[in-house]
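Here's the structure we're looking at; comments come further down.
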Amino acid sequence: MDRLTTYRAKRDFDQTAEPSGRKAPKTAGGLYVIHEHAATRLHYDFRLELDGVLLSWAVTKGPSLNPADKRLAVHVEDHPLAYGGFEGIIPSGYGAGTVILWDNGAWEPEEDPHEGLKKGSLKFTLHGKRLKGSFALVRMKRREGEKRENWLLIKHRDKYASDETIAVDKWTRSVKSGRTIEQMAKAKGVRQWKSKGSPKAETREAKPRTAKKAKKPKRRADDSLPARTPV
Ligand code: MN
């Protein structure tokens, strides 16, 4: 079965600018990406390139550089490689909301990644613009009746680790456009943006609003986070 069957089944590509993944871009391999995604609930999609697709986990609280912070990472469907460059607005349907590229770079497995995925312990090094150093994804035991596969994203102790929770509060802008998620949500022309790239839409894009500083909502415990984008 095509690795992207589930991904495609959830989306209507006439409606969304997300890539269908029919044409895979050439990469040097080992792409690493984190998307900040303000859907029904804000989360961070953690993606690692392997075997021509992006393995993906939805991390509710986002990553942290503190090894004591074990962040819940729900395994989700593989995404196409082309998704690695995506940001914009998913207008309706599955995952509706705003997406910015929160971090990207390369990743390196520290052990055989296929073995690691099988046994539920993936150890790797990130060479991102923001996140660097050694991390692990560890699969939790599945409880009875649990449909989702829950993993934990954990920072290993190394020179990039911190005793403080250094995480998504430290960096709030896209590594691609420089926009915050709030600016992306309000940006003109983004809705018309298609993965093929329409030059017309590009020129209509509004400049990020910098004059009036958007008040960033305080991040509290996951459960009290307001839904930022109506679905
Ligand atoms: Mn998502």
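For every other residue with a beta carbon closer than 11 angstrom to the beta carbon of LEU4, add +1 if it is Lys or Arg and -1 if Asp or Glu, then tell me the sum.
Values: positive: ARG3, ARG8, LYS10, ARG11, ARG22; negative: ASP2, GLU77, ASP78.
Spelling it out: positives minus negatives among the neighbours equals +2.
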Give the value in nm², to one decimal: projected area of the alpha carbon convex hull of the range 73-117, averaged over all directions.
4.4 nm²
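At a temperature of 37 °C and a viscosity of 0.692 mPa s, determine how fast the range 36-109 diffuses translationally according to Stokes-Einstein, using the Kirkwood radius over alpha-carbon pairs as Rh; express D in µm²/s, rounded to the nearest whole number.
D = 251 µm²/s.
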Can you quote the Å³ per residue value for the convex hull of the Cα atoms in the range 114-170, rounded to an integer?
125 Å³
Provide the per-residue ³J(HN,Hα) series for the range 13-22, in order, calculated from phi with Karplus coefficients 6.51, -1.76, 1.60 and θ = phi - 60°, each as a whole number of Hz, with x at glycine and proline positions.
6, 7, 9, 10, 7, 5, x, 7, x, 5
Normalise the Debye intensity by I(0) for the range 41-180, one equal point scatterer per Cα, no solvent, then take log10 at q = 0.09, 0.13 Å⁻¹ and round to two decimals.
-0.26, -0.57
Using only the alpha carbons of the range 7-78, determine the length spanned along each of the three principal axes and report them from longest to shortest in whole angstroms.
41, 32, 15
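No value in this document is a laboratory result; all are computed from the given coordinates. On a predicted model such as this, the values are computed, not experimentally measured, just so you know. Counting neighbours? That spans all protein chains shown, and the Cβs are built from the backbone with ideal geometry, glycine included.
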